[in-house]
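**Student:** This is the structure I want to talk about, given as structure tokens.
The values are calculated or read from the model by the stated rules, or taken from the named source; none is laboratory data. All figures in this text were calculated on a predicted structure; none of them were measured in a lab. Methodologically, a virtual Cβ is constructed for each residue, glycine included, from the backbone with ideal geometry; neighbour enumeration extends over all protein chains shown.
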Amino acid sequence: MGNPLKDLIGDLGQGVIDTGRRALEGTVDYAGRKIGALGDIITPPPAPLSMYDAPVGSKPEYLGAAPDRSDVTYLRYTPTKGYSERVNTSLEALRDPNNPIRAELLKDIRRGEEIGGNDWYNTEELRDWFVGELGESQGDAEWREFLYLMGTTSPGSNVPMNVASASATRGRFFSEPEYVDSLLNAETLKDFQAIAKTRPKNYGHKTAGLQEMNTGKLLKGQYGALPEPDVPPAKGSWTEQPKPKGFSNSLLGNRRNIAADLHFTRYMAMASKHPDWLNTGTDVGYDFMENVINTFPDAEKYFSIRKFKSGKQEKEIPSFNFKKAAKEGAIDLDVPIDTTGKTIADVPQAWAQMPNDNEYGAFEGFINELAEELGQTPAQVQANMWMGAADRTGVAESSQGTFMELIRERAKNKAMKDGTTPNEVLQNFIRNGGFLSLVGGTGLGALNTIPEKDGGI
């Protein structure tokens, strides 16, 4: 009889974690070629470059829901005392067939379907690229690794930046054994924040420390899917970072887990308008501050001015405590604040960016209910919501499109900058750990500015 735990979690520890250690263990040379057990170089088959030139969805298997190739299904924590009032209020609104919010939800999902939401998470073509370049076994393992890194580097990132960070992390696995070593030896968030400072220039991010910690836990085999023995459920590592884990699993075709990201959370919050979903300190524009104060004079005391550095310049930006202002009656969420009729409830940045870890399961369960009703996978429902409600929740234009469309766009833009071809960019990415980025993303300092829109999925 085999090990039931290993049977349940599949080859996560073997197929993903070990490949993350390859630079440390000398299983790859710096050109990205595999070295066998006896030191022989395993040369991948010639690259069928023409595959990169095919349009998105060139094969039926690249459309719709991909096969479930996930290694695990992550459990979600259910609080013993039930879910919070804000969660229950949101779900009551969205489950009520007579609530206009329910009708809006279904309308947004249909709109998402029309623009490719059902295909968003299908990465079978990307897997075929990896397998075509590296062979079945190695190609599958390296494809999985990249998608796991898409999850670990996702916090706070829009999709293009996420792709850049994941490819850069994978590239460091190829060329920097000391980087892998540091991840394996780090313990605290402070340790990982120090590692984040070693990132290549222009790859800094406001959540870089958390991203590195997620990657470190993945390499250590701590990207938990099951409760640990003798650890209270509320304190187990399996409850941590549910969105990054759900994002990776959605990209791997999982039929249960979803990525309840910033935009998903905003949608849930805006459905109920429960004040507990409002942010306590969010950067806003001066025009917004003026409009709010003109409409609600008592709201002035809930604004503050935050000073920050952008490069060498000292700048200021207003910040607003939405939650306190609403709970103390200084603002009305449904009263227009400008000539367009926009209300504070319509402002995406007013609402929370993520559910608490102990709230995540409620939303995932609801999306699974909706998926069964609509004949979609849970990941498709989430993607359709994300694309169909982009204007409502503030998805950046640069993040719109399916995952494979965005991968292609990344390769095309980098090829134009480097004077190469998209095929060469993608081949270098797959074979050698090349970066899928123009300059990496946004520098550390620049992330302190207020974003116009956040396109993270």
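Condition check ((1) of a type in the set (Asp, Glu); (2) modelled with pLDDT of 85 or more; (3) assigned to a strand (DSSP E or B)) across all residues:
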site	(1), (2), (3)
Asp18	yes, no, no
Tyr30	no, no, no
Pro44	no, no, no
Ser50	no, no, no
Thr73	no, yes, no
Lys81	no, yes, no
Asn88	no, yes, no
Asn98	no, yes, no
Ile109	no, yes, no
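**Student:** Within the range 93-117, how many residues turn out to be without any contact (Cβ under 8 Å) to a residue 12 or more places away in the chain and closer than 25 Å to Leu278 by Cβ?
**Tutor:** Within the range 93-117, residues that are without any contact (Cβ under 8 Å) to a residue 12 or more places away in the chain and closer than 25 Å to Leu278 by Cβ number 6.
**Student:** What do you reckon, is Asn448 farther than 30 Å from Asp53 by Cα, over 17 Å from the mean Cα position of the chain (by Cα) and modelled with pLDDT of 95 or more?
**Tutor:** Judged against the criteria, Asn448 is not a match.
**Student:** Also, I was wondering about something else. Restricting the range 179-222 to residues that are surrounded by 15 or more Cβ atoms within 10 Å (Cβ to Cβ) and hydroxyl-bearing (Ser, Thr, Tyr), which is modelled with the lowest pLDDT?
**Tutor:** Tyr203
**Student:** So which residues in the range 377-407 are surrounded by fewer than 19 Cβ atoms within 10 Å (Cβ to Cβ) and in a helix (DSSP H, G or I)?
**Tutor:** Asp391, Arg392, Glu397, Ser398, Glu405
**Student:** Within the range 55-79, track down each residue that is out of contact with any helix residue (DSSP H, G or I) (no Cβ under 8 Å at 6 or more places or on another chain) and either under 12 Å from Ala362 (Cα atoms) or in contact (Cβ under 8 Å) with a residue 40 or more places away in the chain (or both).
**Tutor:** Asp68
**Student:** Sticking with this one: Looking at this structure, is Gly443 at pLDDT below 85 and out of contact with any helix residue (DSSP H, G or I) (no Cβ under 6 Å at 6 or more places or on another chain)?
**Tutor:** When the stated conditions are applied, Gly443 passes them.
**Student:** Assuming Asn257 fulfils every condition listed in (1) in a loop (DSSP other than H, G, I, E, B); (2) free of Cβ contacts under 8 Å to residues at least 60 places away in the same chain apart from one, which condition is it?
**Tutor:** Just one mismatch for Asn257, condition (2).
**Student:** Follow-up question, since we're still on this one. Lys323 fails exactly one of the following numbered conditions: (1) assigned to a strand (DSSP E or B); (2) closer than 21 Å to Val87 by Cβ; (3) of a type outside the set (S, T, N, Q). What is the number of that condition?
**Tutor:** (1)
**Student:** For the range 156-165, does any single residue satisfy the condition of being in contact (Cβ under 8 Å) with a residue 24 or more places away in the chain, within 16 Å of Asp68 (Cα to Cα) and touching a Lys or Arg at 6+ places or on another chain (Cβ under 8 Å)? Break it down stepwise before answering.
**Tutor:** Let us first name the residues in the range 156-165 that are in contact (Cβ under 8 Å) with a residue 24 or more places away in the chain, namely 156-165.
Now drop any that are not within 16 Å of Asp68 (Cα to Cα), which leaves none.
Looking for residues that are in contact (Cβ under 8 Å) with a residue 24 or more places away in the chain, within 16 Å of Asp68 (Cα to Cα) and touching a Lys or Arg at 6+ places or on another chain (Cβ under 8 Å), one finds none in the range 156-165, hence no.
**Student:** Same structure again: Condition (residue is under 30 Å from Arg86 (Cα atoms) and buried (at least 20 other Cβ atoms within 10 Å of the Cβ)) applied to the range 408-415: is it met by at least one residue? Before you say what the answer is, go through the steps one by one.
**Tutor:** Kept after step one, since they are under 30 Å from Arg86 (Cα atoms), are these residues of the range 408-415: none.
No, because not a single residue in the range 408-415 is under 30 Å from Arg86 (Cα atoms) and buried (at least 20 other Cβ atoms within 10 Å of the Cβ).
**Student:** Looking at the range 290-310, is at least one residue touching a helix residue (DSSP H, G or I) at 6+ places or on another chain (Cβ under 7 Å), surrounded by 15 or more Cβ atoms within 10 Å (Cβ to Cβ) and more than 18 Å from Ala330 (Cβ to Cβ)? Full working, then the answer.
**Tutor:** Step one: filter the range 290-310 for residues touching a helix residue (DSSP H, G or I) at 6+ places or on another chain (Cβ under 7 Å), giving 292-293, 299-300, 302-303, 308-310.
Filter again for surrounded by 15 or more Cβ atoms within 10 Å (Cβ to Cβ), leaving 292-293, 299, 302-303, 308.
So of that shortlist, the ones also more than 18 Å from Ala330 (Cβ to Cβ) come out as 308.
Taking every residue of the range 290-310 in turn, at least one turns out to be touching a helix residue (DSSP H, G or I) at 6+ places or on another chain (Cβ under 7 Å), surrounded by 15 or more Cβ atoms within 10 Å (Cβ to Cβ) and more than 18 Å from Ala330 (Cβ to Cβ).
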